[in-house]
Amino acid sequence: MEVIKIGETDIMLDDMGNGKGKITISNTYGYNFSYYWGSMGRSLREFLRETNESYFISNLLPPYNSGEFDGKKTMRNVRKFIKDEMSYELPWYKYMEQQKNLRERLNEIQRCESDRQFVDEMMRISQDVDGCYELDKYDREEFISALKMLECEPWHWIEMGPSDNERFLTKLFPKLQKELKKSNHELSV
């Protein structure tokens, strides 16, 4: 077993021969990963030097690692939907005061800290937008009906950014490859 130290991180390479190998990564900040490859077609060192970042990271991250909720990108999707798909139901010149209140409410929702909180907030948007009751009955029903379109399956707009684990591995991977190439060069000299 070979141990490579990069900063506070220990990387253990266990080349088992016949194209099989295991990597274990741990550090003092609580980042711990491990993965076994049963058919690499070459040594573990060669395989890690030649593999790409996304493949490496996808194998080391747990399957439930979906990343962190990105409110800005998510709300960009909502606003695009309003502009592109709701322009008939909610034209820019109609219900201007209520649309202003809707934009303010969407700005608040953008600050949600999780995808679950975003969905909860969007599922009740027709109840939360101020000014609806200033409209006459027909206009109020029409405006609320348009808002109901936003409550229908809001999870489709969700964008996730990289998790802390993914950011850690993204920074570590090129350093590992550099170290493997450097030590391989030293071995051949």
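Structure above, values below:
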{"item": "Pair list, Cβ under 9 Å, 6 or more apart: segment 129-150 residue among the aromatic types (Phe, Trp, Tyr), other residue surrounded by fewer than 14 Cβ atoms within 10 Å (Cβ to Cβ)", "result": "PHE143/LYS94"}
{"item": "Tally of residues being in a strand (DSSP E or B) and under 15 Å from ARG167 (Cα atoms) across segment 27-47", "result": "3"}
{"item": "Complete set of residues in segment 117-164 that are closer than 16 Å to LEU102 by Cβ and either of a type in the set (Gly, Ala, Ser) or not assigned by TED's automatic domain parsing to the domain that holds MET96 (or both)", "result": "SER126, GLY131, SER145, ALA146"}
{"item": "Matching option when the condition is closer than 30 Å to LEU176 by Cβ and among the aromatic types (Phe, Trp, Tyr), among TYR55, TYR95", "result": "TYR55"}
{"item": "So LYS171, is it assigned by TED's automatic domain parsing to the domain that holds THR24 and in contact (Cβ under 8 Å) with a residue 12 or more places away in the chain", "result": "no"}
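The values are calculated or read from the model by the stated rules, or taken from the named source; none is laboratory data. Since this is a predicted model, take the numbers as computed values, not measurements. When we count neighbours, we look across all protein chains shown, and the Cβ atoms used for this are built from the backbone with ideal geometry, even at glycine.
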